[in-house]
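Trainee: Would you mind keeping the following structure in view while I ask a few things?
The values are calculated or read from the model by the stated rules, or taken from the named source; none is laboratory data. Remember, predicted model here, so these are calculated numbers, not experimental data. We place every Cβ from the backbone using ideal geometry, glycine too, and count neighbours over all the protein chains shown. When the accessible area is computed, the model is the full protein with side chains, heavy atoms only, and any ligands, DNA or RNA have been set aside. Shrake-Rupley method; radii C 1.70, N 1.55, O 1.52, S 1.80 Å.
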Amino acid sequence: MNDCLFCKIIKGDIPSTKIYEDEYVYAFADIAPQAPFHAVIVPKIHICCADEINSENSIYIAKIFEAIAKISKKENLENGYRVVNNCGTDGGQTVGHLHFHLLARRYLAWPPG
Ligand code: 5GP
Ligand code: ZN
């Protein structure tokens with residue numbers, strides 16, 4: 001996917017501030033943080049969105065949530081955090097590579113609006 005912003009970030013063609021990386025997952029600081037701690041966590045394969053998760057690629061979702069638990073410990077997010085996935089136009093997705101937002105270090109109101 002030559003055109004995909006997050007594929008370029010994973011490859012290192014576009015610079016990012018790395019927060020965590022393993023064989024399956026890359027996590028980096030969001031360029032427009034919505035909380036004092038805001039990571040974007042992506043699978044290292046191009047999956048467009050939550051709607052494209054299936055039995056062939058769902059291992060990446062498990063690995064993303066394993067990574068979140070590791071990041072939480074490393075970053076001392078013991079007060080809690082929110083994991084957000086925006087899917088499609090009405091979901092507010094602006095980058096077409098599946099990603100989860102990890103937001104922390106402030107109180108996050110619910111419902112989000
Ligand atoms: P979405 O709106 O699709 O759920 O989230 C996309 C996120 O990617 C946004 O929070 C936006 O700030 C972030 N983002 C967009 N372009 C870049 C970029 O070039 N670098 C980084 N680090 N984050 C980006
Ligand atoms: Zn991609």
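Trainee: What residues qualify as long-range amide H neighbours of LEU98, i.e. H under 5 Å apart, gap of 5 or more or another chain, H built at 1.01 Å from N?
Mentor: Here ILE47, CYS48, CYS49 satisfy the definition.
Trainee: Return the inverse of the average 1/r over all pairs of distinct C-alpha atoms in region 55-99, which is the Kirkwood hydrodynamic radius, in Å to one decimal.
Mentor: Numbers: mean 1/r = 0.0812 Å⁻¹.
After inverting the pairwise mean of 1/r, the radius is 12.3 Å.
Trainee: When only the heavy atoms of the protein chains count and the probe is 1.4 Å, how do VAL40, VAL83, VAL95 rank by accessible area, highest first?
Mentor: In descending accessible area the options line up as VAL83, VAL95, VAL40.
Trainee: Mean 1/r over all different Cα pairs, inverted: what Kirkwood radius does region 4-90 give, in Å?
Mentor: Averaging 1/r across every pair of different Cα atoms and inverting gives 13.8 Å.
Trainee: Counting only protein heavy atoms, what percent of the accessible surface of the chain is carbon or sulfur at a 1.4 Å probe? It would help to have the intermediate numbers written out before the result.
Mentor: Numbers: 3530 of 6820 Å².
Accessible surface attributable to carbon and sulfur in the chain totals 52 percent.
Trainee: Another question, then. Give me the accessible area per residue for the chain, probe 1.4 Å, as a whole number in Å².
Mentor: With all protein chains present, the chain gives 60 Å² per residue.
Trainee: Place a +1 charge on the Cβ of each Lys and Arg in the chain and a -1 charge on the Cβ of each Asp and Glu, then give the dipole magnitude about the Cα centre in debye, rounded to the nearest 20.
Mentor: Computed about the Cα centre, the dipole is about 440 debye.
Trainee: What angle do you read, to the nearest 10 degrees and between 0 and 90, between the alpha-carbon axis of helix 59-74 and the longest principal axis of the chain?
Mentor: Roughly 30 degrees between the two axes.
Trainee: If amide hydrogens are placed 1.01 Å from N in the peptide plane, which non-local residues have theirs closer than 5 Å to the one on VAL25?
Mentor: LYS44
Trainee: What number of lysine-lysine pairs in region 5-103 show an alpha-carbon separation below 23 angstrom, given a sequence spacing of 8 or more or placement on distinct chains?
Mentor: The number of close lysine pairs in region 5-103 is 17.
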